[in-house]
Structure formats: structure tokens, C-alpha cells
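Accompanying notes for the structure given below.
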Amino acid sequence: MRDISHGFGDIKRRVALSCKRKGRNPEDVVILAVSKTVDTARIREAYGLGLRDFGENKVQEFISKHEELGDLKGINWHITGHLQTNKVKYLPGKTHLIHSLDRMRLAGEIDRRMGLNGFMARVLIQVNVAREATKSGIYPEDVGDFLHDMGKFKNIKVKGLMTIAPDFDDPEQTRPIFRHLNKIFVDMGDKNIDNVHMKYLSMGMSKDFEVAIEEGANIIRIGRGIFGDRTYK
Ligand SMILES: *Cc1c(COP(=O)(O)O)cnc(C)c1O
């Protein structure tokens, strides 16, 4: 099993180098530890090393970890995977940020469930920049309309954008994709859309986070780089 302190140390060092190349402050980049399939003992270990942001893809798995780790102060839980509408009811009050809002019906359900429970959801809009058939996310040309429609939801705050780049052999190939999302991020931020605050740009994973940082990411989502290989994607 991978030594977490070694993995995390390596990621931090590489984040610092990428930031340096661009004159950015490493403290402005959140290292989100994607802990899907990772057991709670190992999550505790990562927390002990200073990690505070953890991402899960499956709601059931998230709920049980959230409960078991309820004693960890200041932990921020992120939902990074595709979110089924019928699972939203488990989330109010438990998530720091949902990265994967990708359709209106899901927004409606998030808004309704948060409202029922007196909570506010902070969300990112997932964008399918590379237009992959196998991935969720709205297309770049639809982001503007989608964001304008968010104004009607009282219990959702849009905090930025997220993308998953294609699984290229050479991470350099992700650059145009990350650059494109950053451009949308900046353009939309300039528009001052009601209920939309472009604060977070979530892009880059273990294989391609360095390119993502160079292209403006301020949340990188790292699974294997910290915890080692896992059994499901
Ligand atoms: C699994 C996953 C990650 C982490 O992937 P690694 O290659 O292990 O770093 C990041 N983002 C999402 C949406 C994921 O599903």
C-alpha cells in the first residue's frame, strides 16, 4: 500500500514547482484528496498529515464515511462524481462543495432538498470541454445560459466550474482543454451573473494536475497520487 505521507509530500512539492513556474502562490491551490475506495483509517491518516478536503464519488460510501469521521474538525467533504437525482436527499448539511452539477433537473432537486432542510448548497458546474460521449457535463457553448438559469434557485450558490480531461497518454495534451475552461471561467466571472461567483476552477487529477495549475486551476483533485492505486475508477 502506498505511503500516504510520501504521496502527499510528492504532490505538494510538485504543486509548488508548478506554481513557481507561473508565479502563483501554492496556498491558492486546494489539494483535494479524492478518497473513493479508501478506508476511513487511511483518511484519518491523511487528515493527520494536514489534508482537510476530501472528495467522494458515491453517495452511499460518502454518507458512511461522513458519519464515521464526524469527529474530525474542519474537514471539508466534496462530491466529485456523477450525482444521481435520487441521492440528493442524503446530502443537505454534509457537503462543502458539489463539483458535478451537470443538468437542470439535478439543480432543481438540489435546490428543493436544501430548502426543505434549511441549507445552502455550494456547487460547481461540470463542463464537458472535450465533448466526450462517456462523460457528463454541459457543453461550453451552453454554460452561459445554464448559469443565467441558476438565478432562480434560492438554495444554490454557484462557486465555479469543474472539468475532467480525457485520459491522454501525454498530459500536455490536456492543456488546450484546461485553457478553454479557464477562459470560460474568466468570461463568466466578468458577466456578474445573479447567484454566480466564479471562485473555484476545479481541474487536474494525478496525471495532469501540473498542466492544470499552469492553466489556472485552484482546486486539483488527487486520488492515486496520494493514496496509491485503487480497485475502481
Ligand atoms: C477518481 C477521480 C479523481 C482522482 O483521480 P486520480 O487519477 O486518482 O487522481 C478526480 N476527479 C474525479 C471526478 C474522479 O472521479
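Every number in this text was worked out from the coordinates using simple rules, so none of it is lab data. Since this is a predicted model, take the numbers as computed values, not measurements. Quick reminder, even Gly has a Cβ in these numbers, built from the backbone with ideal geometry, and neighbours come from all protein chains shown.
Overview of values
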quantity	calculated
The stretch 56-167: C-alpha gyration tensor shape, a/c 1.5 cut-off, then a/b vs b/c	oblate
Nearby lysines by direct alpha-carbon distance to K87 (threshold 27 angstrom, same-chain neighbours under 8 apart not counted)	K36, K58, K65, K73, K135, K152, K154, K157, K159, K199, K233
Sorted by Cβ neighbour density within 10 Å, fewest at the top, the residues H78, H180, H66	H180, H66, H78
Cα-centre dipole for the stretch 1-92 with unit charges at Cβ (Lys and Arg positive, Asp and Glu negative), debye to 20	480 debye
Rough spin-label spacing in nm, given labels placed 7 Å along Cα→Cβ, for R103 and H197	2.9 nm
Extreme residue, positive dipole direction of the stretch 99-180, given options S100, H148, I164 (C-beta unit charges)	H148
Cα centre as origin, Lys/Arg/Asp/Glu Cβ charges: the stretch 42-155 dipole, Debye	280 debye
Net charge contributed by nearby residues that have their C-beta within less than 13 Å of P92 (K/R +1, D/E -1)	+4
Charge dipole (the stretch 1-85, unit charges on Cβ, about Cα centre) - positive-most of S18, A41, V29	S18
Mean-position separation - Cα centroids, the stretch 196-233 and the stretch 134-174, in angstrom	14 Å
The chain: calculated mean residue ellipticity at 222 nm from DSSP helix runs of at least 4, using -39500 (n - 2.57)	-11000 deg cm²/dmol
Per-peptide average of other Cβ atoms within 10 Å, ordering 144-150, 157-163 highest first	157-163, 144-150
Trypsin sites (Lys or Arg not before Pro) restricted to DSSP loop in the stretch 32-133 with at most 12 other C-beta within 10 Å	K73, R131
Three-way shape label, the stretch 1-96, alpha-carbon gyration tensor, a/c 1.5	prolate
Cα centre as origin, Lys/Arg/Asp/Glu Cβ charges: the chain dipole, Debye	440 debye
Residue order, fewest to most beta carbons within 10 Å, for H197, H99	H197, H99
Hydrodynamic radius by Kirkwood, which averages 1/r over all alpha carbon pairs of the stretch 89-153, in angstrom	12.5 Å
Whether the chain is rounded, prolate or oblate, judged on the alpha carbon gyration tensor where a/c under 1.5 counts as rounded	oblate
Loop-resident sites, the stretch 150-233, for chymotrypsin sites (Phe, Trp or Tyr not before Pro), counting at most 12 other Cβ within 10 Å (DSSP)	Y232
